[in-house]
1. What pairs come out if I take residues in the range 66-86 that are farther than 16 Å from Leu16 by Cα and hydroxyl-bearing (Ser, Thr, Tyr) and pair them with residues that are surrounded by 13 or more Cβ atoms within 10 Å (Cβ to Cβ) and modelled with pLDDT of 85 or more whose C-beta lies under 7 Å away, six or more apart or interchain?
2. Kindly indicate the residue of the range 155-186 that is at pLDDT below 85, open to solvent by 50 Å² or more (accessible area, probe 1.4 Å) and not hydrophobic (A, V, I, L, M, F, W, C) and also nearest to the chain's Cα centre (by Cα) among those meeting that condition.
3. For the range 7-31, enumerate the residues that are part of a helix (DSSP H, G or I), modelled with pLDDT under 90 and loosely packed, with under 11 Cβ neighbours inside 10 Å.
4. Find the residue count for the range 95-116, including only residues that are outside any helix (DSSP H, G or I) and either among the acidic types (Asp, Glu) or without any contact (Cβ under 8 Å) to a residue 40 or more places away in the chain (or both).
5. For the range 122-138, give me each residue that is surrounded by fewer than 13 Cβ atoms within 10 Å (Cβ to Cβ) and not in a loop (DSSP other than H, G, I, E, B).
6. Among the candidates Leu112, Leu104, single out the residue that is of a type in the set (A, V, I, L, M), more than 29 Å from Gln172 (Cβ to Cβ) and in contact with a helix residue (DSSP H, G or I) (Cβ under 7 Å, 6 or more places away or on another chain).
7. Do we find that Asp106 is at pLDDT 90 or above and closer than 24 Å to Ala138 by Cβ in this structure?
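The values are calculated or read from the model by the stated rules, or taken from the named source; none is laboratory data. Small disclaimer: the values here were computed from a predicted structure and weren't measured. As a convention, Cβ positions derive from the backbone with ideal geometry for all residues, glycine included, and neighbour counts pool all protein chains shown. Heavy atoms of the whole protein, side chains included, go into the accessibility calculation; ligands, DNA and RNA do not. Shrake-Rupley method; radii C 1.70, N 1.55, O 1.52, S 1.80 Å.
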Amino acid sequence: AGLDLLLSVNVSARHLQAEDFGQRLRELLARHPETVAQHLVLEVLESAALADIDATQALIRQCRELGVRFALDDFGTGYSTLTYLKRLTVETLKIDRSFVQNMLIDNKDRALVEGVISLARHFGCQVVAEGVESAQHASSLVAMGCVLGQGNGIAVAMPAAEIAGWIEQFEQTPVLAGRQPDPLPL
């Protein structure tokens, strides 16, 4: 349909640690006549990525050579340290839903969300807020500088045939007024 979308795929710790992961990914991508790697984001749980940080970083480099991006999922709930974040060169940090959902009623959760947004900006990462369940969540996040999110407050799961119409309608929402949205993570 000519849409410029990113497709995020969760990768389990078992798959992430498989010696042939990079080669298998290369083979799967080669099956497609068009370049699909630039639209693929592999999401790894923070705890899985940190299990063997050297191997994870090597895999990230290998996949990046294919054009694939990486996101660190559920950021803030695992073993996050700034040293690990510095060593893992991911393109995206995904703020765990537990912080986002309570940020409107809990000042500490709001401070954590603001901190992760600022941290991501300084590390040159995009930030995605998980658990966006209301327009108030969305507008607060946009005001904090986070323009990417996921949750039922943005959209519920839908058939692929409905996505183009939904995107057209979504781009007209007041939260996005005056700016061109980035590709939407699915």
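1. Close Cβ pairs satisfying both conditions: Thr77/Asp96; Thr77/Ser98.
2. Residue satisfying both the conditions and the ranking: Asp182.
3. Residue satisfying the conditions is Arg14 alone.
4. Narrowing the range 95-116 to residues outside any helix (DSSP H, G or I): 95-96, 103-106.
Filter again for either among the acidic types (Asp, Glu) or without any contact (Cβ under 8 Å) to a residue 40 or more places away in the chain (or both), leaving 96, 103-106.
Residues in the range 95-116 being outside any helix (DSSP H, G or I) and either among the acidic types (Asp, Glu) or without any contact (Cβ under 8 Å) to a residue 40 or more places away in the chain (or both): 5 in total.
5. So the first thing to find is which residues in the range 122-138 are surrounded by fewer than 13 Cβ atoms within 10 Å (Cβ to Cβ), and the list is 122, 124, 136.
Correct list: His122, Gln136.
6. On the way: Leu104 fails: more than 29 Å from Gln172 (Cβ to Cβ).
From the options Leu112, Leu104, the qualifying one is Leu112.
7. Values: at pLDDT 90 or above: yes; closer than 24 Å to Ala138 by Cβ: yes.
So Asp106 fits the description; yes.
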